[in-house]
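Undergrad: Provided herewith is a single structure, encoded as C-alpha cells, for subsequent inquiry.
The values are calculated or read from the model by the stated rules, or taken from the named source; none is laboratory data. Computed from a predicted structure; not experimentally measured. As a convention, Cβ positions derive from the backbone with ideal geometry for all residues, glycine included, and neighbour counts pool all protein chains shown. Each accessible area value is taken on the protein alone, full model and side chains, heavy atoms only, with ligands, DNA and RNA left out. Shrake-Rupley method; radii C 1.70, N 1.55, O 1.52, S 1.80 Å.
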Amino acid sequence: MPIGEWFKKENKRAPADQTLTKRAIPDGVWEKCLGCNEPIFIKELERNLMVCSKCDYHFPLSAYERIYHLADPNSFEELWEDLCSEDPLCFIGKKAYMDSLVEAKNKTGLNDAVICGRAGIGGRKVAIGVMDFRFIGGSMGSVVGEKITRMVELATDEKLPIITVSSSGGARMQEGMISLMQMAKTSTAVARHSKSGLPYISVLSHPTSGGVTASFSTLADIIIAEPKAFIGFAGPRVIEQTIKQKLPKDFQTAEFNLTHGMVDMIVNRLDMKRTIMRLLDYLEPSGVVE
Amino acid sequence: MKRFAYDFERPLVELETKLEELKRLESAGKEDIAVQISYLEKQIQKLRERTYSNLTAWQKVQIARHPDRPRTSDYIEAIFTDFIELHGDRVFRDDVSIIGGFARLENVKVMVVGHRKGRNTKESIARNFGMPHPEGYRKAVRLMRIANKFKLPLITFIDTPGAYPGIGAEERGQAIAIAQSLMEISVLEVPVIVANIGEGGSGGALAIGFGDRIIMLENSYYSVITPEGCVSILWDGEGSVEEATEVLGLTSDKLLEMGIVDCVVREPLGGAHYAPSLAARELKKELVKALEDLSKVSTKDLVEQRYSRLRHIGYYTKARESETLSGKFQNI
C-alpha cells in the first residue's frame, strides 16, 4: 500500500444505507439485524428468506436469490445472460465506466443489473425479470433496457404473464441519453404486452427510484411493494436541497406509497410467492384484444 | 440597462457597452467619432464570432438556460395560428409548468404540448421554472388522448430542468405520471414530433420528449441527468461541471451523431435569443417538413416505426464464452 493511502480521508460518502453495499448473504454464523440490531442465526435467517423473524426487516437479496425464492424448483431458464454493456460515451468520471463495470461483474458474478428468463410460479409459466442492486446501483443502461424489453416481447409472443422485481437507483448516467431512452423503450414494450390482454405484476423492492419507477416498473396491472422499501422518483437528498426543509419521517417508504395510492399492496417476502400465485389466478388472460 | 451575461460573454458585452456609449456621444453631437464606431463594430463582430462559433458543451448548456431564451409560448405564438389553450388534468389542478392546446401549423390542425418557463422572475416562480408536477404530465396525457381521438398530430416542446422534486410531487406519483405519459405516447396513432428548444432535463423532459421525429435547436441539450447532478454523484462533488457536461454527450450535435435525434436546427450566432423570430422561422421549417413526411405514413406503420426507433437504441455486446459468469445457475 502506498504511504499516501494511510493518510487518506475516510470515504466521506460511504453509503448511509449500509444494507445496499453489504453482501447479500454474509459470511459467518451470526448476522446483526440492520433493523433491530439483534443478532440472528444465519441459518435461521436464510430459512426465513432473509427476513428478520424479530422485527420483519427485509435483508436485500441478489437477483438469483430472489428467483430461487419465487420460481418453482428447476423451472428457471435464464435468457440473454451474456449481454454486456459497452461504453458508448467513453465515460470517465471519478472512475472510468469500464472499470465500474468490471468491478461490478467481479463483485456480483453478473454481466449486468438484471436477470431475465422464463420460470414457473406455482405451475404457471411466466416471463420474469429481476434486478440486482449490487450491480452499479441496479441502474438501467442499454443492457437492462434491452433485456427487460426482450423479456416483455417474449411474454407478448408466448402469451405469458410478466413478473418483475425491481431494485434500482434509476437510469445509468454513464450511458447518457441512451440510458434515458431505455425508459421509453421498456415502457413501449409493456404497452404492447398490456394491449394483448396479458397480465403484469411488478414487485418493488428496496430501493426503487428514478428512471425505473418512472418507466416499466410502475406500468404493471398490479404493483406490490416489500415492507419499508424506498420507492420514489427523486432521491431524498435532491428533494431536501430543492425545498430546503426536512422531509416527513416515513416519506417515500412502501407504506407512504400505499397511503397515497401508488401501490396496490405491501407484501411480506415470506408471502410473496403465494400472493403472486393468487393474483395470477385472477389475472387469467381473457384471450381477447387485437 | 445591464445585460445578463455569462463569464465567457463578458468581454463581448464590455465592448458592446462601450459602443453604446460612443453612439450616445455621437448622437449628442459632441464629437466626430464615426471612424471609431465603425472600427469597434467590426471588432465586436469578430469577437462575437470567436465567442460563439466554438462553444463548449457547458457553454451551450448555459445558453440553453439563458433567461432571455425564447420560451415554448414564444414559439407557439411565432409558429402557429389560432392557438386555443386547454387547462387541467381533471383530477387535481392545472399545472402551469405545462402548456398545451389546439393550434394550426400552416393550416394543419395539431395538438401542442410543451414545458412552460417564465420570461421574468415572477413568471418563472409562478411556472415553477418549467418543472412540472405529476398533474402537468397528467394534463399532457389528457391532451394526447384528445389528439388521438380526433386524429391531430402531436407536437411537443421540451424545455425543463427536470420534473419537480418535491413532497407533493412524490405524494401524487411523479414517477407513475411520467411512466404513464411514456406509455401513452408509445401507442398514439398520430404523428408525434418533438422539438427540444432549451433544456431537456432527464425523465421530466422524456415524458413528452420522444416520438417519430426529434428536432433539437443547436444550443439545446438533452440529458439523462443535469451536469450538476452528475458531478455530485459520479465525482463525489469534486469534479468540474464543464468536464461532466462534456462527457455526458448531451449536445445536439453529439446526439445527432449518436442517432438519438433526427435533426438539429441552427440558431442565430449567440443563441436563439439574439434573433427569436429567425430561430422560430428555422424551427417552423423543420416542423412543417416533419409533419409532411409523417402524414404520408399509415397509422399502423407510424406506431411500428416509433417502436423500432427505440428498439435500436442501445449498445451492448455478447460476453465471450469464457467470460460468461452466469449460466451456472440454470438449475435453480
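Undergrad: So A:THR253 ticks every box in (1) within 26 Å of A:GLY35 (Cβ to Cβ); (2) within 14 Å of chain B (Cβ to nearest Cβ); (3) out of contact with any Lys or Arg (no Cβ under 6 Å at 6 or more places or on another chain) but one. Which box is left unticked?
TA: For A:THR253, the exception is condition (3).
Undergrad: I've got another one for you. How many of the residues in segment B:147-182 are free of Cβ contacts under 8 Å to residues at least 60 places away in the same chain and either in contact with a strand residue (DSSP E or B) (Cβ under 7 Å, 6 or more places away or on another chain) or basic (Lys, Arg) (or both)?
TA: The initial filter retains those residues of segment B:147-182 that are free of Cβ contacts under 8 Å to residues at least 60 places away in the same chain, namely B:147-152, B:154, B:156, B:163, B:165-171, B:173-182.
Those left that are additionally either in contact with a strand residue (DSSP E or B) (Cβ under 7 Å, 6 or more places away or on another chain) or basic (Lys, Arg) (or both): B:147, B:149, B:151-152, B:154, B:156.
Counting residues in segment B:147-182 that are free of Cβ contacts under 8 Å to residues at least 60 places away in the same chain and either in contact with a strand residue (DSSP E or B) (Cβ under 7 Å, 6 or more places away or on another chain) or basic (Lys, Arg) (or both) gives 6.
Undergrad: Among the numbered criteria (1) surrounded by fewer than 24 Cβ atoms within 10 Å (Cβ to Cβ); (2) in contact with a Lys or Arg (Cβ under 8 Å, 6 or more places away or on another chain), which single criterion is violated by A:SER179?
TA: Of everything listed in (1) surrounded by fewer than 24 Cβ atoms within 10 Å (Cβ to Cβ); (2) in contact with a Lys or Arg (Cβ under 8 Å, 6 or more places away or on another chain), A:SER179 misses just condition (1).
Undergrad: Oh, and also: Looking only at segment A:67-112, filter to residues that are closer than 16 Å to B:ALA244 by Cβ and buried (at least 19 other Cβ atoms within 10 Å of the Cβ); which one of those is nearest to the chain's Cα centre (by Cα)?
TA: A:SER100
Undergrad: Can you find a residue in segment B:1-17 that is farther than 26 Å from B:GLY271 by Cβ, outside the structural domain of B:LEU248 (by TED's automatic domain parsing) and assigned to a loop (DSSP other than H, G, I, E, B)?
TA: no
Undergrad: State all residues of segment B:276-332 that are modelled with pLDDT under 90 and basic (Lys, Arg); if no residue qualifies, say none.
TA: Matches in segment B:276-332: B:LYS318, B:ARG320, B:LYS328.
Undergrad: Taking B:SER220, is it at the interface with chain A (Cβ under 9 Å from one of its Cβ atoms) and among the polar types (S, T, N, Q)? Step through it out loud before you land on a result.
TA: Numbers: at the interface with chain A (Cβ under 9 Å from one of its Cβ atoms): no; among the polar types (S, T, N, Q): yes.
It is false that B:SER220 is at the interface with chain A (Cβ under 9 Å from one of its Cβ atoms) and among the polar types (S, T, N, Q).
Undergrad: To continue, here is another question. Only strands (runs of 3 or more DSSP E) wholly contained in segment B:110-226 count here; list those with 1 or more residues that are among the small types (Gly, Ala, Ser) and assigned by TED's automatic domain parsing to the domain that holds B:ASP262.
TA: On the way: elements: B:154-160, B:192-201, B:213-217, B:221-223.
Those strands (runs of 3 or more DSSP E) span B:192-201, B:221-223.
Undergrad: Checking A:LYS147 against (1) open to solvent by 10 Å² or more (accessible area, probe 1.4 Å); (2) within 11 Å of chain B (Cβ to nearest Cβ); (3) more than 20 Å from B:GLN180 (Cα to Cα); (4) of a type in the set (Lys, Arg), only one condition comes out false. Which one?
TA: Single failed check for A:LYS147: (1).
Undergrad: Taking B:PHE80 and the conditions (1) surrounded by 16 or more Cβ atoms within 10 Å (Cβ to Cβ); (2) more than 30 Å from B:ALA126 (Cβ to Cβ), which numbered condition does it fall short on, given that it satisfies the others?
TA: Exception for B:PHE80: condition (2).
Undergrad: So, A:GLU153, is that one acidic (Asp, Glu), assigned to a helix (DSSP H, G or I) and open to solvent by 20 Å² or more (accessible area, probe 1.4 Å) or not?
TA: Judged against the criteria, A:GLU153 is a match.
Undergrad: Taking the residues in segment A:28-66 that are among the hydroxyl-bearing types (Ser, Thr, Tyr) and open to solvent by 40 Å² or more (accessible area, probe 1.4 Å) as candidates, determine which candidate is farthest from the chain's Cα centre (by Cα). Please lay out each step first, then the result.
TA: Pass one, segment A:28-66, residues among the hydroxyl-bearing types (Ser, Thr, Tyr): A:53, A:57, A:62, A:64.
From the residues that got through so far, the ones that are open to solvent by 40 Å² or more (accessible area, probe 1.4 Å) too are A:53, A:57.
Numbers: A:SER53: 23, A:TYR57: 17 Å.
Only one residue tops the list, namely A:SER53.
Undergrad: For segment B:147-164, give me each residue that is more than 21 Å from B:GLY118 (Cβ to Cβ) and of a type outside the set (Val, Ile, Thr).
TA: Answer for segment B:147-164, where residues must be more than 21 Å from B:GLY118 (Cβ to Cβ) and of a type outside the set (Val, Ile, Thr): B:ALA147, B:ASN148, B:LYS149, B:PHE150, B:LYS151, B:LEU152, B:PRO153, B:LEU154.
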